[in-house]
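The values are calculated or read from the model by the stated rules, or taken from the named source; none is laboratory data. What you see is a predicted model, and the numbers here were worked out from it, not measured in a lab. Cβ placement follows ideal geometry from the backbone for every residue including glycine, while neighbour counts extend to all protein chains displayed.
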Amino acid sequence: MALDYASNDEPVRETTLVTLFFEAIDRFGPTRALEWLETESTLNGHTYDETYLLVRRVSTGLAAVGLERGDRAAILSENRPEWAIADYGCLCAGVVDVPIYPTLTAHQVAYVLSDSGARLLFVSNEEQMQKGLAAAAECPQEVILVVLDPPSALPDGVITWADFLDKGQARPEMEDSAFREWAGQATPGDVATVLYTSGTTGDPKGVMLTHRNVSSNVLAASTVLVISGADTTVSFLPLSHILQRMVDFLFFWSGCTIGYARSIPTLVPDMQVIRPTIVVSVPRIYEKIYNGVMDATGLKKKIVGWAASVADRAADLRLSGREPSGLLAMQYGLADRLVFGKVKAAVGGRLRYFVSGGGPLAPALNRFFYSIGMTILEGYGLTETSPVTNVNTVEDFRIGTVGKPVPSTEVRIAEDGEILVRGPQIMKGYYKKPDATAEVIDSEGWFATGDIGHIDDDGFLSITDRKKDIIVTAGGKNIAPQPIENLLKTNRFVEQAVLVGDRRRYCALIIVPAFAPLEQWAAEAGISFASRAELIAGPAVVAHMESEVLGMLVNLAQYERPKRIALLDEELSIENGFLTPTLKVKRKVVYERLADVIAGLYEGEASDEKAR
């Protein structure tokens, strides 16, 4: 049985992000709020009290350079303490902040600056400063640049972070009580931030989120996720995306210390120093951890395989409310010492749970992590929903779903299967785009997510796919690509998979192999190669990958089964333009830039169909 409606009627109070900021300062003043790696192995940090003083200087610094309540300021930076400090400074000053992904080009940055009308831009370093200067030159308005890590030669018109803070320091009339009164002018309905979506079609749209939108989501999430001042987290997903930003607001308000990773490539060694107890991530990171475990060879591979089978049997018991005992408990303890403990140590050794968002997590991956004692609480939401609408909890946990609605949230399934959401977290609208807003929010306040899903009889929501990503074959069959792609993510020879076939007679797959195990297999098979391109062109390798990939999909319906695969020698990434900043595949880009590869998958299409 499936439901078409689920809700959580628990109320959340109406407030502002400014109020939540001051509540955190007053509760946790002398304890550490933000920390970063001073060296590869040592941490430095700010207490809540120190963070407050810096935020106050940013707020008054904005006023000193002429920004007023309602003006816009942008942030072009990687995650770091100054990002959060600039963010809170804008909120307290009533300046609407506009986050910009640091991976965008100068021209893309210029669009966001121009469309939002931002009058000030915080940039992290010389590279982002040069990008910001080029972008500002394209804007009709004057844009002040503030650089966090200034170069030795500072261009005219650019202010260093230190000098900017000094401007704020020189405001004695804005000491504590006066500052709090000034910052407290914010109201729940005020726009707090405008976030530009990283869509793949047309210009990005600015999502207007109010103080009420985001603060209600912070408070709703705080009731379902157990977080305290004893916790530590690591902030590494882009703060220019609402997921990391909202949960960082949540962690700050809850007293959880926020540690900033230097980068995604250094994430694992950084976590071994920060030692987080809670980590929020996107599925791609969990896929990489899983592949790292399963890429073992030789004797180690046999040990990992045995340990995984033991964990899987233990998971069956735990999911039914029981604990392993007897021989299974002894085997699990040994497996934990030999394999699972090393995975836990790699992320700092103190993890209580993961949270996953930003895209669907393969159920098999979620089950694997659960089985080894690393629970992933999968949730759901969009930029337009601030973002969380649903999330699994430790008490209410169901693999393959994104959980039940968070407090004050309603979820409904439309007749065509689209997920509709209503609650205080739904955006005010798209900036300067009333028609686009009216297309997704109806007169009763229901927001159309663009995702397809269903609600089970216990109220857990499952996501099938993006409505626009559904493949419609030439025979009129609808195929959701993500579940099929997710099936393949547990194959040790598959790094990435993209299903194609819209308006074609059959589906096909574009595969990026996991090259470490593939190269090992090739060496054992006596196959020599000079490059990855040469490796994947070999008939024996193609046949091996076809057997591995297509063999996993034999239980799909006939029309869902891919008939051919194409192999790529380069991973799809943010840098080469195939992934969004939150590591989701840009399917339109795949169809456009890999058109020749896709065409090759359908050579002789008519004769193939006739033969079948």
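Details
- Within the stretch 266-286, considering residues that are in a helix (DSSP H, G or I) and under 13 Å from the mean Cα position of the chain (by Cα), the one surrounded by the fewest Cβ atoms within 10 Å (Cβ to Cβ): R284
- Residue in the stretch 122-136 that is of a type in the set (D, E, K, R) and without any contact (Cβ under 8 Å) to a residue 24 or more places away in the chain present: yes
- Qualifying residue in the stretch 11-22 (condition: of a type in the set (S, T, Y) and in contact with a Phe, Trp or Tyr (Cβ under 9 Å, 6 or more places away or on another chain)): no
- Enumeration of residues in the stretch 559-586 that are aliphatic (A, V, I, L, M), within 27 Å of S240 (Cα to Cα) and crowded, with 19+ Cβ neighbours inside 10 Å: L572, L579, L583, V585
- Filter result for L487 (in the same structural domain as L518 (by TED's automatic domain parsing) and of a type outside the set (S, T, N, Q)): yes
- A single entry from L34, L53 fulfils the requirement of being surrounded by 15 or more Cβ atoms within 10 Å (Cβ to Cβ), without any contact (Cβ under 8 Å) to a residue 12 or more places away in the chain and either out of contact with any Lys or Arg (no Cβ under 9 Å at 6 or more places or on another chain) or not in a loop (DSSP other than H, G, I, E, B) (or both): L53.
- All told, T297 meets the bar of being of a type in the set (V, I, T) and either over 20 Å from the mean Cα position of the chain (by Cα) or within 17 Å of V339 (Cβ to Cβ) (or both).
- The requirement of being in contact with a helix residue (DSSP H, G or I) (Cβ under 6 Å, 6 or more places away or on another chain) and closer than 25 Å to A497 by Cβ is fulfilled nowhere in the stretch 379-396; no residue meets it.
- Looking across the stretch 345-375, the residues that are under 18 Å from M246 (Cβ atoms) and crowded, with 22+ Cβ neighbours inside 10 Å come down to F354, S356, G357, G358.
- Top-ranked residue in the stretch 293-314 [being in contact with a helix residue (DSSP H, G or I) (Cβ under 8 Å, 6 or more places away or on another chain) and within 29 Å of S573 (Cα to Cα); ranked as surrounded by the fewest Cβ atoms within 10 Å (Cβ to Cβ)]: T297
- Residue within the stretch 544-566 that is touching a His at 6+ places or on another chain (Cβ under 9 Å) and closer than 21 Å to A480 by Cα present: no
- Within the stretch 103-129, considering residues that are in contact with a strand residue (DSSP E or B) (Cβ under 9 Å, 6 or more places away or on another chain) and part of a loop (DSSP other than H, G, I, E, B), the one surrounded by the most Cβ atoms within 10 Å (Cβ to Cβ): A118
For (1) in a strand (DSSP E or B); (2) in contact with a strand residue (DSSP E or B) (Cβ under 8 Å, 6 or more places away or on another chain), each residue gets a yes or a no:
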position	(1), (2)
R367	no, no
Y370	no, yes
L377	yes, yes
V402	no, yes
Q425	no, yes
A436	no, yes
E444	no, yes
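- The residue list L509, L518, L499, L535 contains one member that is without any contact (Cβ under 8 Å) to a residue 60 or more places away in the chain, touching a Pro at 6+ places or on another chain (Cβ under 6 Å), surrounded by 15 or more Cβ atoms within 10 Å (Cβ to Cβ) and aliphatic (A, V, I, L, M), which is L509.
- Identity of the residue in the stretch 111-130, under 24 Å from the mean Cα position of the chain (by Cα) and among the small types (G, A, S), that ends up nearest to A153 (Cα to Cα): S124
- Selection status of L556, buried (at least 17 other Cβ atoms within 10 Å of the Cβ) and either at pLDDT below 95 or of a type in the set (D, E, K, R) (or both): no
- Of the residues in the stretch 449-463, none is crowded, with 16+ Cβ neighbours inside 10 Å, closer than 30 Å to D569 by Cβ and among the small types (G, A, S).
- Within the stretch 468-494, the residues that satisfy the criterion of being surrounded by 17 or more Cβ atoms within 10 Å (Cβ to Cβ), in contact (Cβ under 8 Å) with a residue 40 or more places away in the chain and farther than 14 Å from L361 by Cα are D469, T473, I479, N491, R492, F493, V494.
- Subset of the stretch 270-301 (residues that are modelled with pLDDT of 95 or more and out of contact with any strand residue (DSSP E or B) (no Cβ under 7 Å at 6 or more places or on another chain)): Q272
- Between G157, G168, G132, G94, the distinction of being surrounded by 19 or more Cβ atoms within 10 Å (Cβ to Cβ), assigned by TED's automatic domain parsing to the domain that holds E35 and at pLDDT below 95 belongs to G168 only.
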